[in-house]
1. Being in contact with a helix residue (DSSP H, G or I) (Cβ under 8 Å, 6 or more places away or on another chain) and under 30 Å from A:L191 (Cβ atoms) is the requirement here; does A:D62 meet it?
2. Which residues, taken from the range A:360-375, are open to solvent by less than 80 Å² (accessible area, probe 1.4 Å) and in a helix (DSSP H, G or I)?
3. Give the residues of the range B:89-122 that are in contact with a helix residue (DSSP H, G or I) (Cβ under 7 Å, 6 or more places away or on another chain) and part of a helix (DSSP H, G or I), sorted by residue number.
4. Looking at the range B:253-272, is at least one residue away from every other protein chain (no Cβ under 14 Å), in contact with a helix residue (DSSP H, G or I) (Cβ under 9 Å, 6 or more places away or on another chain), within 16 Å of ligand 1 (Cβ to nearest atom) and small (G, A, S)?
5. When residues of the range A:433-465 are filtered for being under 20 Å from the mean Cα position of the chain (by Cα) and open to solvent by 30 Å² or more (accessible area, probe 1.4 Å), how many remain?
6. Scan the range B:33-45 and tell me whether some residue there is within 25 Å of B:Q269 (Cα to Cα) and either open to solvent by 30 Å² or more (accessible area, probe 1.4 Å) or more than 8 Å from ligand 1 (Cβ to nearest atom) (or both).
7. Can you report the number of residues in the range B:203-237 which are away from ligand 2 (no atom under 16 Å from the Cβ) and under 16 Å from the mean Cα position of the chain (by Cα)?
8. For the range B:115-122, does any single residue satisfy the condition of being over 26 Å from the mean Cα position of the chain (by Cα) and within 12 Å of chain A (Cβ to nearest Cβ)?
Amino acid sequence: MTDIAATVQPRFALSLGRVGQLLALGVLFLIAFVVLQGNGTLPHKDDSQVFLTLNGVRDWVDANRSTNPVFVYVLGPIRAAIDGLDGIVTSLLSQASWIGLLAVAGALALAFVSWRTALLVIGSLLAIGLLGLWTETLQTLVLIANSVALSLLIGIPLGILAGRNDRFLAFITPILDFMQIMPTFAYLAPLTLIFLIGPASAVIATLIYAMPPAIRITSLGIRGVPVQTVEAAESLGATDGQVLRKVQLPIARRTIGLAVNQTIMMALSIIVIAALINAPGLGESIIVAIEKLKFGAAVTAGIAIVLLAMVLDRITASASGAGLPAVIAIGPLRVPRRTLRIIALAIAVVGLLGGALASAGSSFPAAWHVSIAKPLDDAVRWVELTFAGLTDALKNGVSAGLLDPIQTVLTTSPWWLVIAAAAGIAAIVNSTRAAVVVAVALVLIVLLQVWEHAMQTLTMVIVSVVLTMAIGIVLGVWAARNRVVSAVLRPINDAAQTLPSFVYLLPALALFGPTRFTAILAAVIYSVPAVVRLVEDGVRGVSPTVIEAATAAGASRLQMIRKVQLPMARRSLLVATNQGVVLVLAMVVLGGLVGAQALGFDVVSGFSQRNFFGRGVAAAIGIVLLGVMLDRITQGTGQRRSVRGVVGRLGVGLNSNRASREA
Amino acid sequence: MTTVAAPPATRPAGKGSPAAGGPTISVRGLWKVFGPAEQRLTRRAGSAAPSADQIEAAVRDHGGTVAVGDVSFDVRPGEVFVVMGLSGSGKSTLVRCLTRLIEPTFGEIDLDGENIRKASQERLRELRRRRFSMVFQNFGLLPHRRVLENIAFGLELRGESKATRLTRADEMLGLVGLDGMAERYPDELSGGQQQRVGLARALAGDPEVMLLDEPFSALDPLIRRDMQNEVIRLHHDLRKTMVFITHDLAEALKLGDHVMIMRAGKIVQIGRPEELVARPADEYVEDFVRDIPKSHVLTLRWVMRPANANDPVDGPVFPVDTIIRMVIHAAAATDKPIRVIEDGQLVGVVDRAHILETVAGQGNDAEVGPPT
Ligand SMILES: Nc1ncnc2c1ncn2[C@@H]1O[C@H](COP(=O)(O)OP(=O)(O)OP(=O)(O)O)[C@@H](O)[C@H]1O
Ligand SMILES: [Mg+2]
């Protein structure tokens, strides 16, 4: 205990020194700002040279698509293969009527999970049908099936390799990190340029996002196999292949099942973004509804997505099949699992045949549709009217009090002053090397000629992060110190983290209409759960003997939080800030869909209007650079701790599961 | 049989009757260095071993640990060779080097005269599958397989048919006393039962040599004693050569034909159990054997004196390898010296007083003489 106290003391002192340095930097920056305001600004121009050049690249690609060998022999065939797969799966699913699909889904849940889950699954799918979104759901299912299949086909072997080979793990980890901090938005435009708009681009975009967790979790699973067991197998003369097939894979089966589950959830969470490149389905329904500000329709589609997510999650969560009881009790009945599986198979077959005979290829009967859009719209209108005063006050307060001043400072300072300040912060909280990376990233943003929009996006990020951290730390500390609060917050956090990100846009949109404040609110709601979880875990992790010692020394409750628990949980706070920043950025950018201007909107319009292609690509790269910069500044000193919870529920839907930093 | 080893007469092979054809395992100048120093050394030296000083210097300069340092010994066919030493003395590393589960840094290892350092991976696997098997302290069972499948695992690896391997596994199950547990999973067994599975798995392949790395240290004293007796029985019935690692001197003395004591990777002493007790090579070994009652370990050979012409010729007669404890009754019943014979010849006598002294002294000061 004494040595713990000894190591805490100087570290805390060090961070006080840093706070002083940061304050000094802030004062210097403000003085320089007052003196230099208006000089060296970089106002946005829609016809800047970079954008035009990028448009030129697009024109060149369009012109050479059918002749250039790279396109003809490599990219073209990839695209054709994925499009073909898409066609096959689509026609398979539409061959089976809705009755057949219900039967198959129910049978899977019955055979591999429980009869209760089977009922839940059938109920959820029926509800989707009743909401009138059956066709869209099938389209979404096709996209998910294809991208998940490809993600696993590539991801699991790579994960196995990374699990068995330290060098490969070291090689692939930074690549996975990069794939995960890169906002999905950023690679859509280049993808459509290469693979055109359509299933191939959507599948590959989803794959880039959903594959990293598959690789990471598989690798963790393989690495989790006890060395003694592997050694015992080797001592019996097992070959490498035998060790893999008979020891590592079977023991890691559960974890790999989790990888499958996570990959599906990740894929689901970006279908709305995939819809931006014309992937049909529920995502498209949401985009269209949002564009037309039809709140009710958007929420209906959102509900369908959440139901679909639940169905897929429940069926695959125990897909590994391990640890299932051999005999299942259904009420007073005791049924052996094997019998249950046969029953399930029968249900599936009868459902498929019956469905095909009764209504071959037909969709869910339209006569049964129930629309909830109208009452929802009415309710929203009522809320808008009733609370207009409150919401407007909040919106205007934050805008005038936080957003506008920060944005003014960032956009009217000389660009080099902003870069110097950012690099200074990175140098103080992190290292000189981080400062160099930050400076380079910002200079590249200048060169891309997206400076002003980047600063606007940065403003929203800063405000969102400040709010997120304030709320997250308060709730996290509270939950760590109070059992009841923790018990209430945990399930909410877990549920919140399984929801696809854009779901958070909807309530914010309903309350505040299309403004940048909506994006900020959505970003805060989206990121707070992860921060709360990390802060709570960190504060809880403080050794009880230290707490005891501090209590014995007469610390008050506030002193305990400020002087013991927060400083000692500093590591977790740094990780929480880092995660918070990455999540916030992803959401703020997505806010481009709901009226937040700046880089996110540039990217969105890049897809829809040919002229803005160049601006969209530049903005996308700008987003990546902003991400790198923010990540570097908030990485903090010392090694980043791996977020172990990722293998549990934490990682779901997160944009940045930095699992397995250990090796 | 409770606390004392099998009586000398039942001790097989190792004692005095080495089979023709050389040792089963022969280790010469074995080194294992962990850490950065290892690569430096092997890169510089190729295969020829540098001197001990050079190796120590490399470890000092570049960092690393000498887990095994210049170890040489022979294990003869059919004997139980015990390796002892404190934690971290390199026992596990040494035994893993024997079949190259850990790649040795320098030195030669011959298994039945075959140079193992030069064997291909394929050849190594063949040896591990058929001739050498290991039992681990932490069992290393496969959690996803039932007991029977665990036992059959080695046979499965070498491609036996399912029927063959399950029949064989079933036999092994009976041999280690686990009848009726075939369908359980490892986590449904007690530690002792799990270790029996480990033992059965090693036995299933009918290996010539078994390497046991502290197989019983996770077990409680009662089960441990059962398992020791089990090993003695198996050794007796099946005549396996065994290399047996333990922390526990009583275990070493009970099981071992020869005992090797290691400290910090080096050999301190190799000898028969009674040699260690009677003549510890240094204080380290002496510390080990301090609490061992000598009368439970030493044989008459260690306490007899040459016979005089005027010694009575009608005292009780015992073979030279009888443990002292076994003659206490006889000695108490007579006041004549005990006559010690070897191969039917009188080789010495032991005075009654001397026996009682040895028993009473419990090994501290009782004088013991050299064996003939
Ligand atoms: N993989 C490894 N890398 C580095 N050092 C190792 C490694 N394995 C063992 N060592 C070191 O080698 C030395 C011998 O270890 P070993 O496991 O052989 O000891 P041991 O005698 O079996 O100890 P115990 O009785 O505790 O099992 C120790 O100092 C240990 O720290
Ligand atoms: Mg050991």
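The values are calculated or read from the model by the stated rules, or taken from the named source; none is laboratory data. Since the structure is predicted, the reported quantities are computational estimates derived from the model, not experimental observations. A quick note on method: Cβ atoms are made from the backbone with ideal geometry, for glycine too, and the neighbour counts reach across all protein chains shown. When the accessible area is computed, the model is the full protein with side chains, heavy atoms only, and any ligands, DNA or RNA have been set aside. Shrake-Rupley method; radii C 1.70, N 1.55, O 1.52, S 1.80 Å.
1. no
2. If the condition is that a residue be open to solvent by less than 80 Å² (accessible area, probe 1.4 Å) and in a helix (DSSP H, G or I), then A:A366, A:A373, A:P375 are the ones that fit.
3. None - no residue of the range B:89-122 is in contact with a helix residue (DSSP H, G or I) (Cβ under 7 Å, 6 or more places away or on another chain) and part of a helix (DSSP H, G or I), so the list stays empty.
4. yes
5. 1
6. Quick first cut of the range B:33-45, residues within 25 Å of B:Q269 (Cα to Cα) only: B:33-34.
Checking which are either open to solvent by 30 Å² or more (accessible area, probe 1.4 Å) or more than 8 Å from ligand 1 (Cβ to nearest atom) (or both) leaves us with B:33-34.
The answer is yes, given that some residue of the range B:33-45 is within 25 Å of B:Q269 (Cα to Cα) and either open to solvent by 30 Å² or more (accessible area, probe 1.4 Å) or more than 8 Å from ligand 1 (Cβ to nearest atom) (or both).
7. From the range B:203-237, those away from ligand 2 (no atom under 16 Å from the Cβ) are B:203-210, B:220-237; that's our starting set.
Remaining after also requiring under 16 Å from the mean Cα position of the chain (by Cα): B:208-210, B:224-225, B:227-236.
Count: 15.
8. yes
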